[in-house]
Amino acid sequence: MGKMITVENVCKSFGTLEVLKNINLEVQKGEVLCIIGPSGSGKSTLLRCLNHLEVITSGKVMIEDELLAEKVNGKDQFKISHKKVSEICAELGMVFQRFNLFPHLTTIQNIIEATITVKKVPKQEAINYGMELLKMVGLEDKKDEYPVRLSGGQQQRVAIARALAMKPKIMLFDEPTSALDPELVGEVLEVMKQLARDGMTMIVVTHEMGFAREVGTRVIFMDKGEISEEGLPDEIFSNPKNERTKAFLQKIL
Amino acid sequence: MIHVFSFFPRLLQGALITIQLTIVAIIFGVIFGLLLALGRLSKNKIVNKFSWLYIWFFRGTPLLMQLYFIYYGVPMLFDPPLKYSAWVACYIAFSLNSAAYLAEIIRAAIQSIDKGQMEAAKALGMSYGQAMRRIIVPQSYRRLIPPVGNEFIMLVKDTSLVSIVAMPDLMRVTHEIESVQANAAIYLPSAIIYLAITTVCTVAFEKLEKKYSVYE
């Protein structure tokens, strides 16, 4: 077991709005951490602080044993180059709610783009690995299609393959099925379950309670920028201790 | 009336200059305009301010005045006075001017690209430069085509201003023929040539737009 992510006393504000209040969190290798909670509770912001899409206001974020951000009252406590940030963030793959595939590139081009430009993998090698990933998500026959020609579920599976192409150690999922038609949710969750079985460290912000319960190794309930409850999925779903967790689960289940 | 059409070959020579000037101005305009657009989007204060001032100046003063200034004014700033031809002055003036307009067109196109694209590129470890080069700017091409087509057509017609510094462009040639022949009907074949040029542009840009629409 190794520590993959360390979050210490992290606060994040947008102007005067406090979105994250003193968050502490550790994620171990191989964990599937599910973050649930009402919208506006700071789930996505927390996730985005982990790969530097948002910059924390104060606290500390470490990826493995590398310091990504350390701030006190918005002031950096150390100097970090853009290059170093990119290097650290390359360890984290991210899947977005709205897929964010590159519309001007075909499926296979989407997957190999960053491996070639960032990781400098030779093109043929990148294509071979990309095709392997496409096979894994069941879309090898769509390699030359543009994203616009794919369904939402297919786009999201390509997005997962694109993130995996960078060979990340950790995968972040930001509500990966929230923008999908109900009948397309299953195919995306199936790919995510496969990843979990293969031992990938995953942090999943989700409203899919079934997934959290079945695949999650730990669940965090966030509310108003704080972690108000944390535990094994069975504990949280069958026997929530916090009043706010109870109220939330009652509404959603 | 019919006889004015016999001047077609001479008019076409003028048209060639019009076309050359337009193409040079649009090429330099796009390159320099892209840099200015990136400058306007930059967080670097000096670069940003410079781009803003440049666009402010070249959009805010008449093109004809810029042309005069570059042809007559700038050489006088040197001692001994700099010497360059009307050709050079026209190329410079039109390139600098169209860069200012194209910069704003390009900036608008870049800013219209969904923010999620930059985020996805960054999440994949790309630097700002890589993301711009490989992801954002290529996506802006299709959105650039209609307004750049518009700018191109405006430029074809605006180049007629160079007749004033004795450049033998289509306008100037037409005017010369009119003076010698004392026949204003010469403007008719000349207008037909302008229309032909702009028609070719219109069709070409429509084709280009279709070609880049495959993924939208």
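Laid out as a table, the results:
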item	result
Cβ neighbours within 10 Å from other chains - mean over A:237-249	0
Helix axis angle, B:170-181 relative to chain B longest principal axis, alpha carbon, degrees	10 degrees
Accessible surface, region B:1-124, averaged per residue in Å² (probe 1.4 Å)	57 Å²
For A:Gly37, residues with placed amide H under 5 Å, excluding near neighbours	A:Met222
Structure-based [θ]222 nm, the protein assembly as shown - -39500 (n - 2.57) summed over DSSP H runs of at least 4, per residue, nearest 500	-17000 deg cm²/dmol
Per-residue HN-Hα couplings for region B:8-24 [Karplus 6.51, -1.76, 1.60; θ = phi - 60°; Hz; x = Gly/Pro]	3, x, 5, 4, 5, 4, x, 4, 4, 5, 4, 5, 4, 4, 4, 5, 4
For region A:49-152: relative contact order, % (alpha-carbon pairs under 8 angstrom, 6 or more apart)	19 percent
Inter-chain Cβ neighbour average for residues B:131-139, partner chain, 10 Å	3
Radius, Kirkwood style, for region A:1-152 when every pair of distinct Cα atoms is counted (Å)	17.7 Å
Note, ³J(HN,Hα) from phi for region A:102-109, Karplus 6.51, -1.76, 1.60, rounded to Hz, x at Gly and Pro	7, x, 8, 10, 6, 3, 5, 5
Theoretical FRET efficiency, 1/(1+(r/R0)^6), r = Cβ-Cβ of A:Val148 and B:Arg10, R0 45 Å, to 0.05	0.35
Phi-based couplings in Hz for region B:84-101 (Karplus 6.51, -1.76, 1.60; Gly and Pro marked x)	8, 6, 4, 3, 4, 4, 5, 4, 5, 4, 5, 5, 4, 5, 5, 4, 5, 5
Net length gained if the chain between A:Phe78 and A:Glu66 were fully extended (0.36 nm per residue, minus Cα distance)	3.1 nm
Average partner coverage of A:122-135, which counts Cβ from other chains inside 10 Å	0
B:Ser127-B:Arg59 FRET efficiency (beta carbon distance; Förster radius 56 Å; 0.05 resolution)	0.95
Expected-Rg normalisation [2.2 N^0.38 Å, Cα atoms] applied to region A:99-161	1.00
Using alpha-carbon coordinates, inclination of helix B:187-211 to the longest axis of chain B, degrees	20 degrees
Proximal charge balance of A:Gly186 [Cβ under 15 Å; K/R count +1, D/E count -1]	-4
Most fluctuating residue given options B:Leu77, B:Leu34, B:Leu155, as computed from a GNM of chain B linking Cα atoms under 10 Å	B:Leu77
Gyration tensor (alpha-carbon) shape descriptor, region B:1-58, a/c threshold 1.5	prolate
B/A buried area, accessible surface, summed, 1.4 Å probe, Å²	1800 Å²
Alpha-carbon spread of the protein assembly as shown, three principal axes, descending order, Å	100, 52, 44
By average C-beta atoms within 10 angstrom, highest first, the peptides B:205-211, B:25-31	B:25-31, B:205-211
Qualifying trypsin sites (Lys or Arg not before Pro) in region A:205-253, DSSP loop, other Cβ atoms within 10 Å at most 16	A:Lys224, A:Lys241
Nearest-ten-degree value, helix B:45-60 long axis tilted from longest Cα axis of chain B	30 degrees
Local electrostatic count at B:Val203 - Lys and Arg +1, Asp and Glu -1, tallied over other residues with Cβ under 15 Å	+1
Whether chain B is rounded, prolate or oblate, judged on the alpha carbon gyration tensor where a/c under 1.5 counts as rounded	oblate
Length-normalised contact order of chain A in % [C-alpha pairs under 8 Å, at least 6 apart]	25 percent
Rel. contact order, % - alpha carbon contacts under 8 angstrom, at least six apart, chain B	31 percent
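The values are calculated or read from the model by the stated rules, or taken from the named source; none is laboratory data. Bear in mind the structure is a predicted one, so any value in this text is a computation, not a measurement. Positions of Cβ are backbone-derived with ideal geometry, glycine not excepted, and every protein chain shown enters the neighbour counts. Just so you know, the surface numbers come from the protein's heavy atoms only, side chains and all, with ligands and any DNA or RNA stripped out. Shrake-Rupley method; radii C 1.70, N 1.55, O 1.52, S 1.80 Å.
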